[in-house]
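These notes are about the structure you will find just below.
Read-outs: derived from the displayed coordinates by stated rules, not from any lab. Since this is a predicted model, take the numbers as computed values, not measurements. Reconstructed Cβ throughout: ideal geometry from the backbone, glycine too, with neighbour counts over all protein chains shown.
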Amino acid sequence: MYAKKMRTFAARPGVNMMPTVFSSEPAEYLVERSRFIGQTFRLVEPDQLAEHLHHMEGAYPHANHYTWAYRIDDAHLRASDNGEPQGTAGMPMLNILSQQGWDQTLVVVVRYFGGIKLGRGGLVHAYQKSAQLALASTKPGMMQHIRTVRVTIDYSPYDRIVRALEPMVLTQEAFFGAEVQLALSLPMESWPQIEEVLDREARGTWQLNASEDLWRLMPLSQSQTE
């Protein structure tokens, strides 16, 4: 349900890539007594695949199939049917990842066979549905360009500055001594506006003590996509 809006958000300044997995929960789909259990994982490098497959094998032992598909970017994508008829599991799941616009994302679907064969069409539908449910149970995230800073301000403008900065920063923390130290994290593009607030409210008496720029995985709430 996020797919179209997430593509729009990814085009904003300071955002590097399409949505990926911030956190996830398993999702189960039952059809003709077969259990399909899917879960997504963030996958930055192909070497991480074995770790996530091992997790699913431990969480769901003795399953008949551990199928998977991942899309790191347009040039790095793979899929496995893991014993299901060729083209009925991995590729349908990979198509869902591509259609919905997920990067650095792995989806694993485990199947416990229920004794009734589903046929090729039934398997394709079941694995597509399982991938969709797994993605619906995923909290998306974005790699966002973040700046962290530490500034010193006087006590007198502290309340005004904190109130003014609250809607503009991601986090802020205060340390009280002879003066107030503010530790802020913020989207890179917000820094000029934050400097304006500090100049206006502190009347030129604030001091920048430290600054670092980095990329950080941040949760993508639906409000950010609107």
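Here are some notes:
- Cα-Cα separations in segment 104-177 greater than 17 Å, expressed as whole percent: 67
- Averaging the sequence gap over all C-alpha pairs within less than 8 Å and six or more residues apart, then dividing by the number of residues, gives the chain a relative contact order of 25 percent.
- Placing pseudo-labels 7 Å out from each Cα toward the beta carbon at residue 116 and residue 99 gives an inter-label distance of 2.4 nm.
- Sum of -39500 (n - 2.57) over DSSP H runs of 4+, divided by residues of the chain (222 nm, nearest 500): -9500 deg cm²/dmol
- Two-site FRET efficiency, residue 145 against residue 199, from Cβ-Cβ distance with R₀ of 25 Å, rounded to 0.05: 0.65
- Look at the dipole of the chain built from charges on Cβ: of 72, 192, 98, the Cα furthest out on the positive end belongs to 98.
- Counting every alpha-carbon pair across the chain, the share separated by more than 32 Å comes to 37%.
- With K and R counted +1 and D and E -1, the other residues having a Cβ less than 10 Å from that of residue 63 yield a net charge of +1.
- Projected area averaged over orientations for segment 26-136, convex hull of C-alpha atoms, nm²: 6.1
- Kirkwood Rh in Å, taken over segment 144-219 so that all alpha-carbon pairs contribute: 12.5
- For segment 48-65, 3J(HN,Hα) per residue [Karplus equation, 6.51 cos²θ - 1.76 cosθ + 1.60, θ = phi - 60°, Hz, x = Gly/Pro]: 6, 4, 4, 4, 6, 5, 4, 4, 5, 5, x, 6, 10, x, 6, 6, 7, 9
- Taken about its Cα centre, the chain carries a charge dipole of roughly 960 debye when the Cβ of each Lys and Arg holds +1 and the Cβ of each Asp and Glu holds -1.
- Globularity index of segment 73-148, i.e. its alpha-carbon radius of gyration over 2.2 N^0.38 Å: 1.29
- For segment 195-207, Karplus couplings with θ = phi - 60° (6.51, -1.76, 1.60), whole Hz, Gly/Pro x: 4, 4, 4, 4, 4, 5, 7, 8, 6, x, 9, 7, 9
- With contacts taken as Cα pairs under 8 Å and at least 6 residues apart, segment 144-215 reaches a relative contact order of 51 percent.
- Modelled FRET efficiency - R0 45 Å, residue 191 with residue 136, Cβ distances, 0.05 increments: 0.80
- Placing unit charges on the Cβ atoms of the charged side chains and taking the dipole of the chain about its Cα centre, the candidate lying farthest along the positive direction among 206, 24, 142 is 24.
- Neighbour counting of Cβ atoms within 10 Å sorts the residues 93, 18, fewest neighbours leading, into 18, 93.
- Gaussian network model of the chain, springs between alpha carbon atoms under 10 Å - residue of 209, 82, 95 with greatest fluctuation: 209
- Theoretical FRET efficiency, 1/(1+(r/R0)^6), r = Cβ-Cβ of residue 30 and residue 178, R0 45 Å, to 0.05: 0.10
- Among 39, 100, 86: highest mean-square fluctuation, GNM of the chain, C-alpha pairs under 10 Å: 86
- For 71, 203, order by how many other beta-carbon atoms lie within 10 Å, fewest first: 203, 71
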